Amino acid sequence: MPEFPEVEALRRSLDDPVRAYPIEKAGPAHVATLKTFDPPLKTLEGRRLAGAERRGKNLLFPTEDGELVLHIHLMSAGRLRRLRSGEKQPKTPAFRLAFEDGSVLVLTEGGPKKRAKVGLYTPAAIEDELAHLGPEAYGLGADRLREILNADARRLHAFLRDQRALAGIGRAWANEILLTAKLSPYALSTELDDEEVQRLATAIDEELARGLELRERGASDKSAYRIHNRLGEPCPVCGTPIARVDFEEHTIFYCPNCQTEGRVLKDRRLSRILR
């Protein structure tokens with residue numbers, strides 16, 4: 001799933017182009033993708049967008065008149081592209097937004113499951129829709145992070161992925177952050193000392209900034225990730241083979257030497273958790 005680095009890089013690339021021309025046609029949208037019906041998408045037609053914004057992993061496109069906000073969430077397999085006039089377009093996009101200069105925003109989604117989301121909201125309605133999100137992870141700082149960590153005892157990897165606690169981090173960058181912070185994915189949030197909290201806050205900013213810089217340069221996953229999806233490869237810090245813990249919906253990658261004092265973490269479905 002695209003996280004802060006990927007979504008913010010995309011937002012920056014779209015900010016100027018989407019405001020350049022009025023919208024000529026809004027839609028069509030796949031029935032499983034469109035999550036709202038009032039106001040209808042056609043109410044965007046003839047309006048200008050004020051640019052592109054981001055909240056957590058969500059892309060927001062407010063209209064210049066301040067009356068509407070187009071919301072897009074890519075989920076795990078969505079891909080949003082801007083195509084110039086005359087470029088080949090997919091036959092059955094999940095969503096399409098055409099501008100008067102002939103350019104289009106096209107949302108596509110690979111795989112059989114249609115989880116990407118598109119909706120059109122009033123400013124008040126989108127605020128309510130996203131009210132569950134926690135503060136932005138990037139730039140949060142150690143003091144605020146400590147408050148959030150101490151509010152509920154959570155395993156760190158689960159904590160970092162929880163959008164209600166922190167907005168913008170998912171499974172991949174949680175792996176990268178915890179390696180940089182030299183913390184176990186299973187460490188409890190309430191048991192970190194001040195030095196560990198500071199390491200975690202610093203790692204969050206460093207890794208998200210590194211990821212954003214790489215994604216803006218068009219870096220692939222293989223170039224961006226140092227530990228995620230690198231089972232058995234040498235840790236970039238110490239050379240120890242990267243280990244993995246599998247779950248139904250996500251996978252944790254970690255370095256046993258840098259993060260768990262040589263201990264191998266067990267899948268809780270098969271064995272007890274070792275920290």
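The values are calculated or read from the model by the stated rules, or taken from the named source; none is laboratory data. In this text, all values refer to a predicted model and were calculated from it rather than measured experimentally. Ideal geometry is used to build each Cβ from the backbone, glycine not excepted, and the neighbour counts take in all protein chains shown. Areas reflect the complete protein model, heavy atoms only, side chains present, ligands, DNA and RNA absent. Shrake-Rupley method; radii C 1.70, N 1.55, O 1.52, S 1.80 Å.
Tabulated data for the structure shown
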{"quantity": "Under-5 Å amide H pairs with residue 266, H placed in peptide plane, nonlocal only", "calculated": "274"}
{"quantity": "Per residue value of the accessible surface for the chain (all protein chains in place, 1.4 Å probe), Å²", "calculated": "48 Å²"}
{"quantity": "For region 216-249 versus region 61-88, the gap between their alpha-carbon centres in whole angstrom", "calculated": "30 Å"}
{"quantity": "GNM result for the chain, Cα springs below 10 Å: residue of 254, 21, 138 fluctuating most strongly", "calculated": "21"}
{"quantity": "Gaussian network model of the chain, Cα within-10 Å springs - most flexible of 83, 120, 105", "calculated": "83"}
{"quantity": "FRET efficiency, 1/(1 + (r/R0)^6) with R0 30 Å, evaluated for residue 247 and residue 216 via beta carbons", "calculated": "0.45"}
{"quantity": "Percent of C-alpha pairs per 10 Å bin, the chain, short to long", "calculated": "6, 27, 31, 21, 12, 3, 0"}
{"quantity": "Residue 223 paired with residue 150, simple spin-label distance in nm, labels 7 Å along Cα-to-beta-carbon", "calculated": "4.3 nm"}
{"quantity": "Lysines with Cα under 30 Å of residue 42, excluding same-chain neighbours fewer than 8 positions away", "calculated": "25, 57, 88, 91, 113, 114, 117"}
{"quantity": "The chain, accessible surface, carbon-and-sulfur percent (1.4 angstrom probe)", "calculated": "46 percent"}
{"quantity": "Enclosed volume per residue, in Å³, of the convex hull spanned by Cα atoms of region 186-245", "calculated": "104 Å³"}
{"quantity": "Centroid-to-centroid separation of region 168-200 and region 1-19 [C-alpha atoms, Å]", "calculated": "26 Å"}
{"quantity": "Cα-based shape type of region 1-121, given that a ≥ b ≥ c are square roots of the gyration tensor eigenvalues and the cut on a/c is 1.5", "calculated": "rounded"}
